[in-house]
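Visitor: Can you read through this structure? Questions will come right after.
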Ligand SMILES: [Zn+2]
């Protein structure tokens, strides 16, 4: 059976946050004018809040969505896109009270010694995760992902051993990078086969990523957090959650709605767009925020938690259409997994050659010495798994780090589409 929200319990919280938004933000005052909420159905009739709207209503444009335009007592995190178009998300210091719950739900406690490996450009995670760990009295090593560079990683491993680090927090691709290094160095001073806790966020973690991590961190409890910079933490994983399953935090009201009609909740077990309302966030209230992620509610969990459980299928725009072929990112991920010489660092580039669509798949390989037939094998594997073969498909192999990263957060842009430029 699917766990639904208890309407009588949640409705008062929803009324409260909507009224708070209307009274304190010009943005919601205008957006929700003439709307009064008495029951869940009324709430579902509210217009959704799109990411662009948040940015149009924050500095330097206006402060219409902020309840405290002086910005005292708050953090600001930069998100989205390149540095010449920064977008700002504000959080009160009090917001971080929720953060501790994220770690408690993953069994973090004062006995844990945590290395914070979030990279430059992920300061939102770097800072807010530290704040959460503080509240659980953990021992914290803020060290960042640059400590994993080839020339200093031995020193970093010594630090881990000296300080008896037993927990890692980072984006999944940083953990993969670390695992790739350890794979080449089986007898490192810090043994990755110890009992470890790994908590990742900031990027979708695929089953194949976990599988590879588990091959190196053999005794690790690996979980991820579903969060966005705008909303904060949305979902956590209990021990029974599969890689793309999460329980929804108590401070989040989550809806799954029809992709074309945000006022229509999808039926049980059906997929739709995830909308989230943060019931606690005050300086920049987030109400019916359109996440752009696709998900569905799923059956009750063996852990017996009362928190609703969802399954996430990634960004709704994580599907590239080339010619008449739809290529979901996870499909490429599954193909890459078939070849042990390759990593999950890949990028799809769509372009035009005359009137025809072309697709270039760049994949970082673990080694330079690759079998001659590998390119053809990967091409065939991609074409065999796609709904229709791709006419103009090129596969390129690059060394680790060969695919350009976003300089701000070190993430690979998975899909680049030049066809509309
Ligand atoms: Zn559970």
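Visitor: Over all directions, average the projected area of the Cα convex hull of the chain and note it in nm².
Guide: Mean orientational projected area (the chain, Cα hull): 21.9 nm².
Visitor: Using a Förster distance of 45 Å, how high is the FRET efficiency between residue 400 and residue 39, based on the Cβ-Cβ distance and rounded to 0.05?
Guide: 0.25
Visitor: Subtracting the Cα-Cα distance from 0.36 nm times the residue separation, let me have the gained length for residue 16 to residue 164 in nm, one decimal.
Guide: That pair, residue 16 and residue 164, stretches by 48.7 nm at full extension.
Visitor: Next question, about the same structure. Can you give the Rg and Dmax of region 111-224 based on its C-alpha atoms, in angstrom?
Guide: 12.9, 37
Visitor: Express the relative contact order of the chain as a whole percentage, based on alpha carbon pairs under 8 Å and six or more residues apart in sequence.
Guide: Relative contact order comes out at 14 percent.
Visitor: What ranking do 212, 240 get, fewest neighbouring Cβ atoms within 10 angstrom at the top?
Guide: Values: 212 21, 240 13.
If I rank by nearby Cβ atoms, fewest first, I get 240, 212.
Visitor: For region 163-277, restrict the atom set to alpha-carbon positions and state the Rg and Dmax in Å.
Guide: Taking only Cα atoms of region 163-277, I get Rg and Dmax of 17.1, 56 Å.
Visitor: Same structure again: How far is it, in nm, from the label point at residue 149 to the one at residue 5 when both lie 7 Å from their Cα along the line to the Cβ?
Guide: For residue 149 paired with residue 5, the spin-label model returns 4.6 nm.
Visitor: On to the next question. Is region 305-352 rounded, prolate or oblate when judged by the Cα gyration tensor, a ≥ b ≥ c being the square roots of its eigenvalues, rounded requiring a/c under 1.5 and prolate requiring a/b larger than b/c?
Guide: oblate
Visitor: Next question, about the same structure. Note down the relative contact order for region 127-194 as a percent, whole number, built from C-alpha pairs under 8 angstrom at least six residues apart.
Guide: Here the relative contact order equals 30 percent.
Visitor: How long are the semi-axes of the equivalent ellipsoid of region 319-417, taking √(5λ) for every eigenvalue λ of the Cα gyration tensor, in whole Å from largest down?
Guide: Largest first, region 319-417 gives 20, 17, 12 Å.
Visitor: Place a point 7 Å from Cα of residue 299 in the direction of its Cβ. Which residues in region 216-259 have their backbone N less than 13 Å from it?
Guide: The answer is none.
Visitor: Quickly work out the residue 71-to-residue 416 label distance, labels modelled 7 Å from Cα along the C-beta direction, and quote it in nm with one decimal.
Guide: Inter-label distance under the simple model: 3.2 nm.
Visitor: FRET efficiency for residue 97 and residue 387, Cβ-Cβ distance as r, R0 = 45 Å, nearest 0.05? It would help to have the intermediate numbers written out before the result.
Guide: On the way: r = 47 Å, r/R0 = 1.04.
Taking R0 as 45 Å, the efficiency between residue 97 and residue 387 is 0.45.
Visitor: Just to be sure I understand: of the beta bridges DSSP finds with both ends in region 295-421, what percent are antiparallel, rounded to 5?
Guide: Details: 18 of 27 bridges.
The antiparallel proportion sits near 65 percent.
Visitor: While we're looking at this one, here's another question. Based on the alpha carbon coordinates of region 1-134, what radius of gyration and maximum Cα-Cα distance (Dmax) apply, in Å?
Guide: For region 1-134, the Cα-based Rg and Dmax read 17.9, 52 Å.
Visitor: Test of understanding: ordering 152, 382 by Cβ neighbours within 10 Å, fewest first, what list do you get?
Guide: Exposure proxy ranking, most exposed first: 152, 382.
Visitor: Evaluate the distance, in nm, between pseudo-label points positioned 7 Å from the Cα of residue 261 and of residue 240 along their respective Cα→Cβ axes.
Guide: Each label point lies 7 Å from its Cα, and together they span 3.4 nm.
Visitor: Same structure again: Among 97, 307, 260, rank each residue by its count of other Cβ atoms within 10 Å, from fewest to most, as a rough exposure measure.
Guide: Least crowded to most crowded, the residues run 260, 97, 307.
A short reminder: the numbers here are calculations on the coordinates, not readings from a lab. Given the structure is predicted, the values throughout are model-derived calculations rather than measurements. Every residue, glycine among them, receives a Cβ derived from its backbone with ideal geometry; neighbour counts consider all protein chains shown.
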